[in-house]
Structure formats: C-alpha cells, structure tokens
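Below: the structure, in structure tokens.
No value in this document is a laboratory result; all are computed from the given coordinates. Worth saying up front: this structure is predicted, and the values here are computed from it rather than measured. No Cβ is skipped: glycine too gets one built from the backbone with ideal geometry, and neighbour counts run over all protein chains shown.
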Amino acid sequence: MSFAIHGLAVARGVAIGRAVLVASSRLDVVHNFIQPDQVKSEIARLNAARDAVIEELQRLLATMPKDAPGELSGVLEVHLLLLQDPSIGADTRRWVVERHYNAEWALTSQLEVLSRQFDQMEDEYLRERKADVEQVVERVLRHLKGAALPVTAAAARREPRQHDLALDDTLDVPLVLVAHDLSPADMLQFKQSVYAGFVTDVGGKTSHTAIVARSMDIPAVVGARSASQLVRQDDWVIIDGDAGVIIVDPSPIILAEYGYKQRQGELERGRLARLKNTPAVTLDGQRIDLLANIEEPGDTAAALAVGAVGVGLFRSEFLFMGRQGKLPGEDEQYAAYRAAVEGMHGLPVTIRTVDVGADKPLDESRHDAAHLNPALGQRAIRWCLAEPAMFLAQLRAILRAAAHGKVQILIPMLAHASEIRQTLELIDKAREQLDQRGQAYGPVKLGAMIEVPAAALSLRLFLRYFDYLSIGTNDLTQYTLAIDRADESVANLYDQLHPAVLRLVADTIAEGARLGKPVAVCGEMAGDPDMTRLLLGLGLRSFSMHPSQILQVKQEVLRADVSKLTDWAQAVLESDEPAALLEG
Ligand code: PEP
Ligand code: MG
C-alpha cells in the first residue's frame, strides 16, 4: 500500500525508481551493473566464492581441536547450512539474473531482505540467527573481494526514464538509494554511481551529506527519520526533492502525476541552460559574480558548463576524507589543486584550507563521538594549527598550484586574533620553505571565512589582515542559533532568515564595502534563488554555490533591479519575521 514519508528537501527534482537499501557498514561494496552477457560468469563468481567459503568452513570443522567448545562447531555447522539455503543461494542469484547487479551488490541486497525478516521474528533465538547470516555473507564478500571484478562492468548512471514507467518493469529502471546515514565521503564515492536519487534517515538541510547530494544534482531527501526501516529492498519509490517527501509503493495515478512533474523539471532545466553564456548583470547594470563550489578538481567541468566565472569555494577536505588516516601528501595535493586551477582555464580558484571535524570526520573509524560537541571542537583551522606540519604541506601545495593560475586561499572557522596571526605566520613560513627548496610558487590573495559569530562581530580585525571575506552562512547560522546543522531533530529551528543571522550577514557585506574589500557568500544561502534578491539588496555582488544552482540564481539576477531592492532589503533586516516579508 502506498504511503509517504516526510523529510527535508535538499536537492531538487523528482526521482522515480526502485529502492536499494544499503547498510552504512556495507557502503564500500561495489555497485555495478553487469552486461546481460555477463550474467553467467557473475553467477559463476558468486558460486565460486560460496564454494570457497564452504570448503573453508569444512576445513575448520575438520581441524577443530578436540577440546574446542561444542558451540563452536555448532555455529560452523549452522553457517554451512545457511550457505546451502536457497534464501542465500537462489535468491541472491535472482538479483544478478533479474536486475543485473554485480555479485557483491546482489549479496548485500539479499542480506538486507533477510535482515528484515529476522528482525520481524517473534522468537528471540531465531532473531539472533541474523548475526550468523551476516557473518556468512561477510565471508563470501571477502572471497569475492579477492576474485577479479567483471571486466566490463557498466558503472554508468542510468538516466531516469521519462515515460511508460510500469510497475512490473524489472530491468533498466532507475534505482534510488535508501540508507540510514551516509557520510560526506560515502556520498563522494557515489558521485559516479548508478543512483537517480537518495534518501537518508538522518541529516539536516546543510549537513555536508546534503551538500554533496546537491552538488550531484540529483533529487534527495535527508532527515527522513525511519525511511530505511519502512522502505523494503526493491520497493518502488518516488523522491520529491522539492517538497522533501518520499512516496513508497505509489499508485499508478500518483506515478503518472510525478512522471509529469519530472518532465516539467527537465523542460525547465532545458530553458535555464540557454542562460549559460548570458552575463549575470542586473536590470540596472550591476555585474554579479556567480562562482562555483566544488569538492573535487573534476567538478570544474560542471562549473564551466554552467558559465561559472571562477571557483568561490573548493572544499579541499574531501581530498583528506575516507583514507583511514593516511593523509594526502604535498605532491598529491599540489596535483589536485593544479588540476582544479588548470581546469578553470585562467578563471580564479578559491581553495579553502582543510575543514575536517564535526560532520566531516576524516574517516568513519575516527568519527569523534568521544567529544560531546564536535562542531564546537577541534575542526577546521583549529585542527590545522594543532597539526602545523600537515597544514604547512597543504599551504605549500596551494602556493605551488598558484604558479599555474589565479589562486585565492580561504581560511575557515577563524575567530581569534591569535589564530589569524599564527595562520599568517605559517603562510609566510610555507613560502620560505619553498624559497629554500628553490621551488616555484605564485601570488595568492588571502581570505577569511566569516562563519563564527565572533568573527562577524570583529570585522575590522579581519579586514585589516585579509584581502577578502567569504561568509559561510551554513556555519554562521549553526553557531548563531546554537542549532546543529546536521541534526534533523532540530532542523525546524535552523533558520537562515533569523534576524540575528541576517544582521551578521548584512553587517559583513556593508563593512567590506566600506573598506573596499570584496565580500562573497559561499554558504547554501548563496545558491537559494529565494534569497537572491535579498542578498543583492544588502549589497552582495559575489555568490558562490553548486554549479547545479548557478543558472537558477542567474535568472533571479537578470530579473532584479538592485536600485529598487535596497530599501526593501533594509525593511527585511529590521523585521522580526523576515521570512514573511520575503514571501510577500
Ligand atoms: C559554510 O559554513 O557556510 C560553508 C560554506 O562551509 P561548510 O559548509 O563546508 O562548512
Ligand atoms: Mg563552514
């Protein structure tokens, strides 16, 4: 029966497809479509891995010491029985035959199905057998890992189909990912993936997982609470990324309605695409810089494709995440920054120094649950200053990349004069080290992010030391309102239009203008077309956002007359409830 689950809208558009449930612990399993002519060989891989595990277990049983506890051999015998059970064997093969999943994916899909069945069992003893199934699957996966992957696995994303979506379709239908949680690093891994949309149980609108989903430009809903419990493997699901709703098992009428909405969205995108080469100039002649936020050097192609005039935020921390603590060295970073700089063909690239911590852990094993308030802990520049050797390597890499094009350095989370001083000293030191090595480097402009209220209230200090400022409204909102941006349970209070947040944003823009230093906004506010007029009215001339948002914001810019927006923007600023004025 059809039902809806409400969450938070994070990436626009509609996706319709079958659900793929992925447990966080198995996200690293390869998800590939095989070619139809590979079904046989993929099943052979699966069978070979299963047979190898059977052999392994039989060997263990045969060589078990006489004095080993009886339960041990009992467990191994249960595992052997499970391996020969059709619920693991034949049912797993069906995912390969009917859906063309690769062996690992088929196995974990079937595991999700079985886990549900075990969870629903009344009998506690039987419920606990779930662990046995997991262990058996783990063993088979390990064997598969050792075996070669299918040679021509098609990892290409399947485009959502526009027409004739029939509920009995099996092959060639879009897939949507449903997970309890996805880390930003997981999301990055899924960037090249097969999924047409995402749903997660946890996460806020500006959590980094949501941010990466937005950069992938596919419909996504986060904070959908128990979605991963309610949706079953292979259910039909509609993700409405505009409304933040998912509909499970939709009726044909609802399906048709959303199919129509999907087509309208495509038409709108087509229309916006025509604005690519139109300069972003307001009706009264103000030129506005629309820049791109990127996570990887490869994202520069998407930035250029929508006519971005530069990169306003390269979140360099994505180079550092999910590497089990083995951080990228100077040369690896230099290659990545240089690739981004060259990818922009002479347009400026703003590289933000590493901002890990809070909801961007270096990797899962180091997720800092021990610290009660990681967002208030050692993240961003605080971590960099605590690890000067790591920071110096990054600074040298950025300075070297600056020899290949226009580069700006951007420092996150600064609050104290002492932090500013130490940062500038380290930048000088990085230059000295390069001089000593005789290595080439280029000039850089230095900028500070304004994302801690303390910084927004000490603007003169920041403007004295830095060439430009960039307002991180995601964190500025989080820290001004004391609302964890990644926590869906307080998402209703996370309000970028709170008068206090707007006041800090407005003052930063005004103070920059007064002292003749550029100010940009690079938080999600900059990419929200509903905020464009207000930010223009407050004097903002530089907006940095995901490439997927640039054309919509450009459309707002082209329709705006800034000279008529200034008084209105001041009225919004003075209002107790700015949101009401914005809608009016
Ligand atoms: C911000 O805080 O607004 C910002 C742009 O940085 P991040 O979202 O990466 O914390
Ligand atoms: Mg931030």
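Structure data summary
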{"quantity": "From phi via Karplus (6.51, -1.76, 1.60), per-residue ³J(HN,Hα) for the range 399-407 in Hz, x at Gly/Pro", "calculated": "4, 5, 5, 5, 6, 10, x, 7, 10"}
{"quantity": "Backbone N under 13 Å from the LYS145 label point (7 Å along Cα→Cβ), restricted to the range 26-55", "calculated": "26-30"}
{"quantity": "Sites ALA482 and LEU126, calculated FRET efficiency, Cβ-Cβ separation with R0 56 Å, nearest 0.05", "calculated": "0.75"}
{"quantity": "Virtual spin-label span in nm between ALA513 and SER418, 7 Å along Cα→Cβ", "calculated": "3.6"}
{"quantity": "Long-range HN-HN contacts of LEU177 with modeled amide H, under 5 Å", "calculated": "VAL20, ALA196, GLY197, PHE198, VAL199"}
{"quantity": "Of LYS406/LYS564; LYS276/LYS360; LYS517/LYS564, those spanning more than 27 Å from alpha-carbon to alpha-carbon", "calculated": "LYS406/LYS564; LYS276/LYS360"}
{"quantity": "Likely footprinting exposure, HIS100, HIS143, fewest C-beta neighbours within 10 Å first", "calculated": "HIS143, HIS100"}
{"quantity": "Sequence ranges 343-352, 472-481, 453-462, ranked by mean other-Cβ count within 10 angstrom, highest first", "calculated": "472-481, 343-352, 453-462"}
{"quantity": "Charge sum, other residues only, whose C-beta stays under 11 Å from PHE466's C-beta, Lys/Arg counted +1 and Asp/Glu -1", "calculated": "+2"}
{"quantity": "222 nm mean residue ellipticity, helices alone, for the chain (DSSP H n ≥ 4; -39,500 (n - 2.57); rounded to 500)", "calculated": "-14000 deg cm²/dmol"}
{"quantity": "Highest to lowest packing among 554-566, 533-545, 107-119, 125-137, scored as the average C-beta count within 10 Å", "calculated": "533-545, 107-119, 554-566, 125-137"}
{"quantity": "Förster radius 22 Å - calculated FRET efficiency between GLN117 and ASP51, Cβ distance, rounded to 0.05", "calculated": "0.30"}
{"quantity": "In nm, spacing of pseudo-spin labels at LYS326 and ARG59 (7 Å Cα→C-beta vector)", "calculated": "2.7"}
{"quantity": "GLN84-GLU342 FRET efficiency (beta carbon distance; Förster radius 60 Å; 0.05 resolution)", "calculated": "0.60"}
{"quantity": "Protection proxy ranking, peptides 375-386, 249-260, average beta carbon neighbours within 10 Å, highest first", "calculated": "375-386, 249-260"}
{"quantity": "Two-site label geometry, GLN35 and SER563: point separation in nm, points 7 Å out along Cα→Cβ", "calculated": "6.4"}
{"quantity": "Long-range amide H partners of GLY310 with built H, under 5 Å", "calculated": "ALA292"}
